[in-house]
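The values are calculated or read from the model by the stated rules, or taken from the named source; none is laboratory data. All figures in this text were calculated on a predicted structure; none of them were measured in a lab. Quick reminder, even Gly has a Cβ in these numbers, built from the backbone with ideal geometry, and neighbours come from all protein chains shown. Ligands, DNA and RNA are stripped out before the accessible areas are found, and what is left, the full protein with its side chains, is counted by its heavy atoms. Shrake-Rupley method; radii C 1.70, N 1.55, O 1.52, S 1.80 Å.
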Amino acid sequence: MSILLNRRTRVMIQGLGTEGQNQIRRSLAYNTNVVAGVHPGFRGGNSFEGFPVFPTVQDAVRRANANCSIIYVPAPGAADAILEAADAQVPLVICITEGVPIHDMVRVRQALASSKTRLIGPNCPGVIHPASHCRVGIMPPDIFKAGRVGVVSRSGTLVYEAVDQLTRAGIGQSTCVGVGGDPIIGTQQVEALRMFNSDPETDAVVLIGEIGGTAEQASAAFIKRRMNKPVVAFVAGATAPPGRRMGHAGAIIEGKDGTAEAKLAALEEAGAVISRSPAEIGSTMARVLQERGLDAALAD
Amino acid sequence: MNIHEYQAKQLLRARGVPVPQGDAVTTLRDARRLVRELGGGVVIKAQVHAGGRGKGRVVSTAGRTAAMYKRLEADPEKVEGAVVGNRRGGVRLADGMEEALEEFRALSNHFLVTHQTGPGGAKISSVLIEQQTNIASEYYAAVLIDGSIGKPVVVASTEGGQSIEEVAAENPRAIIRQPVDPEEGFPAFRGRQLAKRLRLPSSAIRPAGQLFAGLYQTFVETDATLAEINPFVLTGDGGIIAVDAKLNIDDNADFRQPLDELRDLSQEEKMEIEAERAGIGSYIKLDGNIGCMVNGAGLAMATMDSIMLHGGEPANFLDIGTVNRVERVIAALRIIQKDPDVKAILINIFGGLARVDIVAEGVVEAVKKLRIKQPIVVRLNGSNVEEGRRILLESGISVESAEELGEASRLAVAAAR
């Protein structure tokens, strides 16, 4: 069994705007099992690309047995869309939407605390499980290759960067998770690490952090106490000038914990192997797999 | 988005937070009228989007050249005619009309340099004139969001009137952090409990409770990411009043907050405004000479890191966002080209939502239209990459192509030398 996604994942899409339509077409082309769309007042009628389109999430769950939702709803309605999916008890909700107000996410986190729904994102590239061709997000499918290394990242484009390097080095991926770049997200990177740690499909993990917040320190604490698989880590923003905001709201340097140096030190101390250069994530992982005799992950 | 102190105070006052009587003015005539109305001693405060105003230097508008900036950075006192007036700082006390107007003139439309502004300073686009407050002791109050717990936190301290970062470093036990249940909010009784912990005298417990409740209400209703009162003070006669205030509003709430009305463009970098108008995710000018155009904040930072590891220095941070229009690529390259420091350009695009073929078309058009002279290194990957590479190759424009990030950085650093 893998983490988050598998062969039994039945995907619905909330928000069939232009971007949602384009992305879901690419998931279909990748052979992802898309079973429903949710778009109240959808102009295209009751179906899109062969799957039914419903006005509510409840319908998609009841009538199409969807068990995973991907949200492309624009920012003003994104929180509402997440809450609708949680209300319909969808077990996994992945929100791609960028620019969700932080106060909306306070509300969402509060509501999800007492629900069974797991949220990934918002402001994330989604999740992909190459072995089952399950792509729930916006990742370019061509660069992935099924294998045994997990990837977790706050940044979307750095998932692609890391995966591209892994694939070029002949290293396939088990599951890749973009947890999102916002200050409040549904699933922390440390939770992804915990899942990878107990995932029989995963032999090693690439962890990509960035400046701001304290998520990497939480990951470091987990790596030190519980992680029994090698972790290769890169932290973006080592050279960013302090005090300036670099796009992600999460990338604000607050105190010393927010700096790349503090994060790298915590991760290194915990036993993670650090790649100082963003261009050497793949080669570092190749070396680590070789050193630890994890040939299955290499040969794949 | 930052707003001015006077705007923050208006928003707080409307929600029951006591603030000094006063108003922001831009003309001498309004200043005179206001000082007469207020009577007695007044405080004159430069309105800029930067902290450290009290210790700042006011510099004149004349001769603001790059060379002058450099000398200002070294020592503003030594730049002849730069420092305005004899008194320091962007916050001044005045007794009586004549002194007040003199200080108004010394601040209005000049520039305030603080540790947060850079050598050129921030334009003093308006001046806040308020009644003086009789201060017995100073306290700190703020609300912000703690991402790790996903909840607002109210922060309070007896060490008001100084930088809270310094207090946190030197005397962390003087800071109270209280997580808020978002459903309950922060009613006045919570504020009174907190006031008690700050050991305020019993006469001040009720108004301080009101201040905390009003601050929290403002934080929520204005979609703030930070609402700060530093300091609020206990007055000589036992009252409570917010002497300074800062609000940072979530840019993402623009669809339901009057951000356009509250915004002061004179406080922002021109190129950063131009980038925003072109729909570019984020542009920040830096000190190096390699112009960068990257998609995604994480990859943009990683590209800067990679450039530095190869011995170069980025001229900017530029996250172009999701590229689905050629015009955006051209706009981004125009902004980079306008920066006189740029000696080489590194384009690093890894398409997910973004389409690499559109980036390639944009690069080709920009090079032809803008007559870009600097050497360009392009690294494309991801969605539609084959098409993108073909467009670049067949265009005949002179760019260096790289397959991966390390190589691209190395080429760009070499080209900038």
Practice problem: Go through B:SER137, B:SER157, B:SER148, B:SER125 for me and flag whichever is of a type in the set (Ser, Thr, Tyr) and within 14 Å of another protein chain (Cβ to nearest Cβ). | Solution: B:SER148
Quiz item: Does at least one position in region B:178-187 carry a residue that is in contact with a Lys or Arg (Cβ under 7 Å, 6 or more places away or on another chain), among the aliphatic types (A, V, I, L, M) and closer than 17 Å to B:ILE145 by Cβ?
Solution: yes
Practice problem: Report yes if some residue within region A:150-165 is more than 10 Å from chain B (Cβ to nearest Cβ), of a type in the set (S, T, N, Q) and either open to solvent by 10 Å² or more (accessible area, probe 1.4 Å) or not in a helix (DSSP H, G or I) (or both); otherwise report no. | Solution: no
Quiz item: Any idea which of A:LYS116, A:LYS145 is more than 11 Å from every other protein chain (Cβ to nearest Cβ) and at pLDDT below 95?
Solution: A:LYS116
Exercise. Mind counting the residues in region B:366-396 that are farther than 17 Å from B:ALA412 by Cα and either at pLDDT 95 or above or within 33 Å of the chain's Cα centre (by Cα) (or both)?
Key: 2
Quiz item: Does region B:303-342 hold any residues that are among the charged types (D, E, K, R) and within 18 Å of B:LEU405 (Cβ to Cβ), and which are they?
Solution: B:ASP305, B:GLU313, B:ASP319
Practice problem: Please list, ordered by first then second residue, the pairs with beta carbon atoms under 6 Å, 6 or more apart or interchain, first in region A:263-279 and assigned by TED's automatic domain parsing to the domain that holds A:ARG225 and part of a helix (DSSP H, G or I), second open to solvent by 20 Å² or more (accessible area, probe 1.4 Å) and not hydroxyl-bearing (Ser, Thr, Tyr). | Solution: A:LEU264/A:ILE274; A:ALA266/A:GLN217; A:GLU268/A:ILE274; A:ALA270/A:LYS224
Exercise. Search region B:140-163 for residues being of a type in the set (A, V, I, L, M) and surrounded by 17 or more Cβ atoms within 10 Å (Cβ to Cβ), and hand back the single one that is farthest from B:THR225 (Cα to Cα).
Key: B:ALA156
Quiz item: Which residue pairs have Cβ atoms under 6 Å apart, sit 6 or more places apart or on different chains, and have a first residue in region A:81-105 that is over 15 Å from A:ARG118 (Cβ atoms) and within 9 Å of chain B (Cβ to nearest Cβ) and a second that is among the hydrophobic types (A, V, I, L, M, F, W, C) and surrounded by fewer than 21 Cβ atoms within 10 Å (Cβ to Cβ)?
Solution: A:GLY99/A:ALA75; A:VAL100/A:ALA75
Quiz prompt | Given (1) within 17 Å of B:GLN132 (Cα to Cα); (2) of a type in the set (A, V, I, L, M, F, W, C); (3) open to solvent by 30 Å² or more (accessible area, probe 1.4 Å), index of the condition B:LEU28 fails | solution = (1)
Quiz item: Do we have B:ILE347 as open to solvent by less than 10 Å² (accessible area, probe 1.4 Å), away from chain A (no Cβ under 14 Å) and either among the polar types (S, T, N, Q) or in contact with a helix residue (DSSP H, G or I) (Cβ under 7 Å, 6 or more places away or on another chain) (or both) here?
Solution: no
Quiz item: From A:GLN173, A:GLN188, which residue is without any contact (Cβ under 8 Å) to a residue 60 or more places away in the chain, of a type in the set (S, T, N, Q) and open to solvent by 20 Å² or more (accessible area, probe 1.4 Å)?
Solution: A:GLN188
Quiz item: Going through region B:272-311 one residue at a time, which ones are in contact (Cβ under 8 Å) with a residue 40 or more places away in the chain, within 14 Å of chain A (Cβ to nearest Cβ), in contact with a Lys or Arg (Cβ under 8 Å, 6 or more places away or on another chain) and on the phi < 0 side of the Ramachandran plot?
Solution: B:ILE280, B:ILE290, B:LEU309, B:HIS310
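With a cut-off of at least 1 residues that are more than 25 Å from B:LEU211 (Cα to Cα) and touching a residue at least 60 places away in the same chain (Cβ under 8 Å), name the strands (runs of 3 or more DSSP E) lying wholly within region B:92-165.
B:111-113, B:126-131
Go through region B:276-295 and report how many residues are of a type in the set (Gly, Ala, Ser), modelled with pLDDT of 90 or more and either open to solvent by 10 Å² or more (accessible area, probe 1.4 Å) or under 22 Å from B:ALA360 (Cα atoms) (or both).
Number satisfying all stated conditions: 1.
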Practice problem: Quickly run through region B:299-338 and pick out the residues that are of a type in the set (D, E, K, R) and buried (at least 18 other Cβ atoms within 10 Å of the Cβ). | Solution: B:ASP305, B:ASP319, B:ARG328
Practice problem: Please work out if A:HIS133 is at pLDDT 95 or above, surrounded by fewer than 24 Cβ atoms within 10 Å (Cβ to Cβ) and either in contact with a Ser or Thr (Cβ under 7 Å, 6 or more places away or on another chain) or not assigned by TED's automatic domain parsing to the domain that holds A:ILE274 (or both). | Solution: yes
Quiz prompt | region A:240-249, residues that are within 7 Å of chain B (Cβ to nearest Cβ) and either at pLDDT 85 or above or at positive phi (or both) | solution = A:GLY247
Quiz item: Would region B:397-413 turn up any residue that is more than 18 Å from B:ILE290 (Cα to Cα), at pLDDT below 95, open to solvent by 20 Å² or more (accessible area, probe 1.4 Å) and part of a helix (DSSP H, G or I)?
Solution: no
Quiz item: Name the residues in region B:377-396 that are in a helix (DSSP H, G or I) and within 14 Å of another protein chain (Cβ to nearest Cβ), would you?
Solution: B:VAL385, B:GLU386, B:GLU387, B:GLY388, B:ARG389
